[in-house]
Each structure stands twice: as structure tokens, then as C-alpha cells.
Amino acid sequence: MSPIDPHALGKVAVLFGGTSAEREISHMSGTGVLAALQSRGVDAHAFDPATRDLVELKREGFARCFVALHGRHGEDGTVQGALELLGIPYTGSGVMASSVAMDKVMTKRIWQADGLPTPKYVRLAFDQQSREQIRAVPDVLGLPLIVKPPREGSSIGVTKVEGYSQMQDAVTLSAKYDSDVLCEEFIEGEEVTCAVLGHGLDAVALPVVRIAAPEGAYDYQNKYFTDDVKYHCPSGLPEAEERHIQQITLAAYRTLGCRGWGRADVMIRASDRKAFLLEVNTSPGMTSHSLVPMSARAAGIPYEDLCLRVLASAALDSQGSH
């Protein structure tokens with residue numbers, strides 16, 4: 001890649017904070033990104049959409065935005081749509097890819113249509129959550145199974161259900177975050193994640209990160225606030241397995257129309273080593289614990305250069321991606 005001139009990027013807003021359940025994580029991501037860009041000579045400024053109107057971006061002459069928001073009103077296409085209307089290029093996926101990837105049910109439908117492997121699931125719409133309907137889910141998916149809100153991230157509202165008696169509480173918890181509830185087959189095995197940089201045929205998959213969580217509890221607390229989870233990058237997986245995960249991740253990313261950067265979460269089933277796609281994050285975490293920076297480092301890309309590279313890829317749907 002040719003070197004990126006930080007001055008050519010203009011005045012940059014790093015969007016972080018926001019109003020979603022992941023505000024705290026977004027704050028950690030955005031603070032890191034802001035410091036990294038400033039250290040590379042970028043004219044970067046903090047901007048929290050929870051406290052300021054996005055219209056101010058135009059008024060204050062921002063040339064592009066680094067989206068370090070997570071969750072709703074951050075990576076679900078809404079902020080992206082506003083930036084399209086304002087004509088300010090932004091990092092990450094466009095309106096449609098952001099909104100589809102944010103919805104795990106829609107994501108799974110598209111992957112299934114393209115023959116990509118993803119765990120079996122049952123969607124309980126808000127009017128399909130009677131006791132009988134909830135109780136019938138394990139008959140379809142088996143036990144254990146996972147219950148989660150389809151449009152939240154960071155493991156918020158997620159329950160691993162071991163028996164029929166836990167189903168009701170799991171659905172009730174998930175429904176606090178989303179009117180629809182996603183019930184998903186539990187894949188027993190290793191969790192890995194694979195980051196992608198770029199767009200379309202130019203997109204490249206970075207080294208796979210293998211996640212070893214205590215008792216498999218890769219939850220909100222362990223993700224961000226403890227050092228109990230061990231991350232392995234290089235992953236230590238057989239080379240052919242790593243390559244296969246990179247291939248299905250790229251296919252998953254491209255078929256959703258993602259651009260800029262993203263990260264797919266994948267489970268490898270212990271019994272037969274089959275890989276299953278769980279979801280794609282279109283605005284991945286950039287905290288000290290985050291996985292994209294770790295993967296980039298393994299590929300020889302320091303954190304500051306990663307932030308600069310993502311920023312340089314900022315684009316508008318209406319202009320086509322760069």
C-alpha cells in the first residue's frame with residue numbers, strides 16, 4: 001500500500017459514545033482511535049452523537065468520519081444514512097450492509113441462500129412468544145441452545161439454555177433488548193474470529209484469532225473487563241483450517257456487501273471440525289482488548305496504521321466504494 005498522507009484526509013470526526021447498550025465499549029474504542037489518529041498527524045476530533053446533532057458535522061467542516069460507534073444507532077445503518085444525506089464519507093459498511101449485518105436473522109437468511117454454513121435457528125417474533133411456542137424450540141434445535149436478541153452485540157441479553165425450564169427466562173431477558181428473539185443451535189467447540197479489510201474482490205482476510213474463554217463463557221464481562229480470556233493469534237489451527245475460515249469469512253463479508261472493514265465470528269464444531277458463521281460486526285471494537293487490532297498486529301500492521309488505513313477507506317454509498 002502506498003503511504004497515506006494524514007493531511008490529505010482533512011478534518012476528521014471520530015464518532016463514539018452514542019445511545020446504544022454498547023455506549024461504554026464505544027467510548028473505549030473511540031478514545032483509542034482518536035489518540036492513534038492524532039499521533040499520526042490527523043486533524044481528528046471527538047464527536048458523541050448522543051450529545052450533539054450530526055448536522056453539526058457539516059457546519060463544522062468535517063471532511064470524513066471514523067465510525068467507532070457500536071450497536072443501535074451506530075452500526076445499524078441509521079448513522080450511515082444520515083452521513084449519506086450530509087455527504088460526509090465514513091468508515092465501514094454502507095447503509096444496507098450495516099442494517100442487514102446488525103440483524104442476525106436477516107444475515108443468516110442471506111448466508112443460507114448463498115449456501116454458507118451457519119447454525120440452525122428459530123426466530124420468535126414478538127407475537128410468537130407464547131409458552132407453548134417457547135417450549136417447542138428445543139424440540140427443533142436440541143439442547144443446549146443459545147437465546148439472544150437479533151439486533152444487539154457484545155453478548156448483551158444472551159443465555160445458554162441447558163434445559164426446557166430455562167427457556168422462558170432466557171426469552172424474557174432477550175426480549176428486554178429486542179422484540180424479536182433469536183434461538184440458535186449451540187455449536188460445541190472452539191470460537192474464532194476473522195477480520196477483513198477492504199472492499200469486494202480487493203478485500204483481504206487477516207490472521208484468525210482463536211478465543212479460549214473460561215468454561216466457554218465469552219460474555220460481556222469477559223470480553224471487556226477481565227484478563228481471563230486467552231486470545232491466540234497466530235491461532236494455532238491447522239493451516240488448511242485457518243485458510244478455510246478466511247475463505248468463508250470473505251464470502252460472508254462480500255455477500256452482505258460489507259466494505260472498509262469488519263469481523264466475522266465463527267464456531268468450529270469439535271466433533272467434525274466444521275466451521276459455522278455466527279455474525280459479522282461492521283463496526284468492530286477498537287479497545288485494548290479488541291480482536292481486529294490483535295489480528296492486524298499479527299499481519300504486521302500496528303494499531304495506529306490500522307486506524308489510518310480504515311480512515312483512508314472512508315466512502316459514501318452514493319459515490320461507490322474506494
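The values are calculated or read from the model by the stated rules, or taken from the named source; none is laboratory data. Treat the numbers as computed from the prediction; the structure is a model and nothing was measured. Backbone-built Cβ (ideal geometry, glycine too); neighbour counts: all protein chains shown. For the accessible areas, the whole protein counts, side chains as well, though only heavy atoms, and no ligand, DNA or RNA atoms are used. Shrake-Rupley method; radii C 1.70, N 1.55, O 1.52, S 1.80 Å.
Quantify, in whole percent, the carbon and sulfur part of the accessible surface of the chain (1.4 Å probe; protein heavy atoms only). That fraction is 52 percent.
You can think of it this way: the chain between ASP202 and LEU85 has 39.4 nm of extra reach, that is 0.36 nm per residue less the Cα-Cα gap. Listed values for segment 120-125 are Karplus-derived 3J(HN,Hα) couplings in whole Hz (6.51 cos²θ - 1.76 cosθ + 1.60, θ = phi - 60°), namely 4, 8, 10, 9, 9, 5, and x replaces Gly and Pro. For a quick check, take a GNM of the chain with Cα springs below 10 Å and name the residue from TYR303, TYR164, TYR90 with the largest mean-square fluctuation. Of TYR303, TYR164, TYR90, the Gaussian network model singles out TYR164 as fluctuating most. Per residue, the solvent-accessible area of the chain (1.4 Å probe, heavy atoms of protein chains only, all protein chains present) comes to 42 Å². If I take all pairs of Cα atoms in the chain, what percentage of them are more than 31 Å from each other? Every Cα pair in the chain considered, those over 31 Å come to 28 percent. Separation of segment 128-181 and segment 277-322 by C-alpha centroid, Å? Between the Cα centre of segment 128-181 and that of segment 277-322, the gap is 31 Å.
With each label modelled as a point 7 angstrom along the Cα→C-beta vector, the ASP139-GLU60 pair spans 5.7 nm. Pairs from the list LYS108/LYS176; LYS11/LYS104; LYS148/LYS274; LYS104/LYS274; LYS11/LYS176; LYS104/LYS230 with a Cα-Cα gap above 29 Å: LYS11/LYS104; LYS11/LYS176.
Using the Cβ of VAL42 as centre and a radius below 11 Å, the other residues enclosed give a net charge of 0, where K and R count +1 and D and E count -1. In this structure, GLU188 and MET96 have a Cβ-Cβ separation that, at R0 = 30 Å, corresponds to a calculated FRET efficiency of about 0.35. Each Lys and Arg contributes +1 and each Asp and Glu -1, all at the Cβ; summed about the Cα centre of the chain, the dipole is approximately 380 debye.
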